[in-house]
Amino acid sequence: MVPFLQEMKSRLGSNDDFFIQRVFLLDKPVVIMGLSTLIDVVNTKSALLEYIEQSFPSGKTVEEVIKAMSTTPHIEINEAISAITKGKLIIYFEVTKQRVIVDPIMKLLNRSIESPTNENVFQGSMSSFTEDIDTNIGIARKEFNSRRLVVKSYYTGSLQKKRLSLLYDEERVDRKLVNQVIDRIENNQDKEINHIQNLTKVMGFNSMELIPKFNTTELPQEAANSIRKGRVVLFIDRIPFALVLPSLLWDMFALENDKNLPKPIMISLRLLRVVGVLATLIMPGLYVALVSVNPEVLRIELALSIAQSRDGVPYPALIEIIMMLVVLELVIEASIRLPRSIGPTITMVGGIILGQAVVAAQLVSNLLIIILAATTIANSTVVGVQNSLSIRLFKYLIVVLASIYGVLGILGGMVLVSAYLAGLTTFGVSYLYINPAERRRDS
Amino acid sequence: MNKSLHVLIMYILVHLGFIFFMYPGDIISSSEEGHWIPILIGCIVHLLVIWTYMKGMSYFPDRNIIQIYSEAGRIASVVFLGPVALYSVMVSIITIRAYSEVISIVFLSNTPLWSMMFFMLLISTYVASKGGEAIFRTGILIAVLFLPVVVFIFFSSFQNVDWRYVFPMSTKDFSFFAKRSFYESFFAFAGGFLFLGFVQPLFKYKSKHVLICAVFFIPFFLFSVYVPLLTFGQATASTFHFPYIVTMDSVHLNWLMFDRLTMFFLLSLVTFILLFVGLVLWMTVSISKRFIPIFKSYQLAALVIVIYSVCLIIPEWEIVQNLFWWNSILRFYVLIAVPISILIFGLRSKGKGARERA
């Protein structure tokens, strides 16, 4: 046998899904090879034959026709192998010993475009990104169909080649930002990118930051809006959301979809989200501060009724609230983990514990349950789950400070959080900018 | 985005943080009647000072005062930056010590002073460690969060006002010029203006905006003194340490679930002060980094430890007030010498530039 075929067989032959077949294209013997799990072999063969028969009358030979189909004229063995693992078909001409890479008919291994699962949309377009990067880029192009949209792709990783695509608006984007991102990717092309933490490392961000440097979104219209505003959108193959760089504080409160509503309603909705974040941060702390450190701030009637509701609770407010907050976090985490059919159980059991039993047993006060419920609801008003997670953590800082310094602790904690947020920058763009495109016009 | 906004907000926050505590007491004890005269004199001096200062700075675009003085020579930097740094350290010590005392008097009587000072310094240090730009941005966030609270409570403090106490308006008694407390009242003006010399390379701002803002700010100075006066009258108001805070305590809003608005007012102002101390620490460390080129990353920590230790050594309020008084010399030096010297250097460099061009 010929050395190329032999080499391919010895390198890939241990895979059961590797096929190597001899077929005749208009009496010319050729060998086709690929992975049967990625390629629809039967359809590919018939399409190939049909294509060659159709182009035969033009007087070209089979080899010429096939070469016209492929992008690379002559390939090395390593290239051939990586092409096969990507799902391409290799055609090998036995006579001339030439080989070409051809795009086959792939097996459908992607889910179709569905409605978003992590972010709900209210009166807006319902498609969401999927795992397939080409589909995602396609959706993005549909949302922002302009010649100014630039798509740049890179393959990174040494063990496996992962595709990474960069989308931006040629005119509005901050060139410095794009260049920095591209530099980072090109300098780290040997690094594997399997998840966002990998990408964070590639981008050279501090991996211990609480606030993600990428704003993630499943919604094509949000991604397209970010591009329109001069931000950079990153897609990674097999990650079903867009990563928007730089992430901004305002992303927590504003959805592009809000603009489908009348302006006053949009403003009040966004204000509501701001109130939600503030309530999440302050309410648990305020409870601890008012109950254990500064009860004199309250009206005497209110202070008495709070004291009455805590009557019989055997531990300080800090322990009480931390305990209940942890239970609540457990409920949230459990309801994510469980299959949908068992999920309602958690709601029910959790509802019983958090609702009545724990108060009846005098383990916590009535008021605390109200505070907890309000906090949890408020926390969910934030746009993007990843943002609500960071806010959830900040809450504990403020609770602890409030238990030591009372109301001063809450406000001090707020200053700390503000300073933390103010100190965050992504490639020189502050986290607090509302519209980074304005910054460039300024400078 | 208007970069003046960062500077304006910082200006407002810093001055708001100062005027409601010592300032009313100082003015009320300095004069028996016609309090608006000492207040306006203070404000005019303040406007003149910041005008001179910003005029001088405008000759050096993209430069802060450290760079200006360093270019003017070694002697200039020692003569001017030295006192500025020393003054900043003193201001940090006095504010941290004084404000923790105030907080402890008003509502955290069980918390030991050392832990309160530790907490306040900790926050300020964290703010300072984030660097200049972040400090100004923090200012914006804090303004969004707390300024509405402060303004709302400020207006609600007019609840018990009796406007007849405004009279007598005129006075022939100018004895306040001889009073110690009148000069102490300049603390409210002298602390906050220096930062205008440090923003230049980070943010560009229009000095006109700052001046307009300062003019619009004068009513706050006036009312911080007049609200207690109009509520209690001169005779009673002069007996209080912090007249404005006492006035706040007398406010009662029926529909609010909180009994003591003072606490929220006071604490919002304390957050402004924390920000201010952070700013001052950052300024001081920028100066010290310029002159002590070693251990740059530890200088902030060292400075804070020194400040904290001094705060711990001060045993009682009397000594704070003495410090306050001793600091007056430095205060007036900074208030007068720094803006004028910057203006002179500015005019000189302009003259030099014109000569070179000719």
Residue that is more than 12 Å from chain B (Cβ to nearest Cβ), part of a helix (DSSP H, G or I) and surrounded by 20 or more Cβ atoms within 10 Å (Cβ to Cβ), where the choices are A:I398, A:I377: A:I398
Residue within segment B:154-177 that is among the β-branched types (V, I, T), within 18 Å of the chain's Cα centre (by Cα) and more than 10 Å from chain A (Cβ to nearest Cβ) present: no
Condition met for A:V313 (surrounded by 15 or more Cβ atoms within 10 Å (Cβ to Cβ), more than 30 Å from the chain's Cα centre (by Cα) and of a type outside the set (D, E)): yes
Contacts under 7 angstrom Cβ, first residue in segment A:172-192 being in the same structural domain as A:R147 (by TED's automatic domain parsing), partner of a type in the set (A, V, I, L, M) and loosely packed, with under 15 Cβ neighbours inside 10 Å, 6 or more apart: A:E192/A:L159
Subset of segment B:132-144 that is touching a helix residue (DSSP H, G or I) at 6+ places or on another chain (Cβ under 6 Å) and within 23 Å of B:M248 (Cβ to Cβ) - its residue that is nearest to the other protein chains (Cβ to nearest Cβ): B:I142
Condition check for A:T37: of a type in the set (S, T, Y) and under 30 Å from A:N136 (Cβ atoms): yes
Some residue of segment A:398-416 being under 30 Å from A:R184 (Cβ atoms) and among the hydroxyl-bearing types (S, T, Y): no
Hits in segment B:1-13 - residues which are within 14 Å of chain A (Cβ to nearest Cβ), surrounded by fewer than 23 Cβ atoms within 10 Å (Cβ to Cβ) and assigned to a helix (DSSP H, G or I): B:S4, B:L5, B:H6, B:I9
Residue within segment A:327-335 that is within 22 Å of A:I404 (Cβ to Cβ), loosely packed, with under 13 Cβ neighbours inside 10 Å and more than 14 Å from every other protein chain (Cβ to nearest Cβ) present: no
Which listed residue, of A:L298, A:L272, A:L278, is within 11 Å of chain B (Cβ to nearest Cβ) and within 30 Å of A:N387 (Cα to Cα): A:L278
Among (1) facing chain B (nearest Cβ under 10 Å); (2) of a type outside the set (K, R); (3) more than 25 Å from A:P316 (Cβ to Cβ), the one test that A:I404 misses: (3)
Candidates B:M90, B:M116 - the one that is closer than 27 Å to A:S418 by Cβ, out of contact with any Gly (no Cβ under 8 Å at 6 or more places or on another chain) and free of Cβ contacts under 8 Å to residues at least 24 places away in the same chain: B:M116
Residues of segment B:88-131 satisfying the condition of being β-branched (V, I, T), more than 12 Å from every other protein chain (Cβ to nearest Cβ) and more than 20 Å from B:V14 (Cβ to Cβ): B:I105
Some residue of segment A:299-307 being assigned by TED's automatic domain parsing to the domain that holds A:L328, touching a strand residue (DSSP E or B) at 6+ places or on another chain (Cβ under 9 Å), of a type in the set (V, I, T) and modelled with pLDDT under 90: yes
Selection within segment A:168-220 - in contact with a Ser or Thr (Cβ under 9 Å, 6 or more places away or on another chain) and among the hydrophobic types (A, V, I, L, M, F, W, C): A:L177, A:I185, A:I193, A:I196, A:V202, A:M203, A:F205, A:L210, A:I211, A:F214, A:L219
Candidates A:S418, A:S388 - the one that is polar (S, T, N, Q), more than 13 Å from every other protein chain (Cβ to nearest Cβ) and in a helix (DSSP H, G or I): A:S388
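The values are calculated or read from the model by the stated rules, or taken from the named source; none is laboratory data. This structure is a prediction, so every number in the text was calculated from the model and none was measured. Quick reminder, even Gly has a Cβ in these numbers, built from the backbone with ideal geometry, and neighbours come from all protein chains shown.
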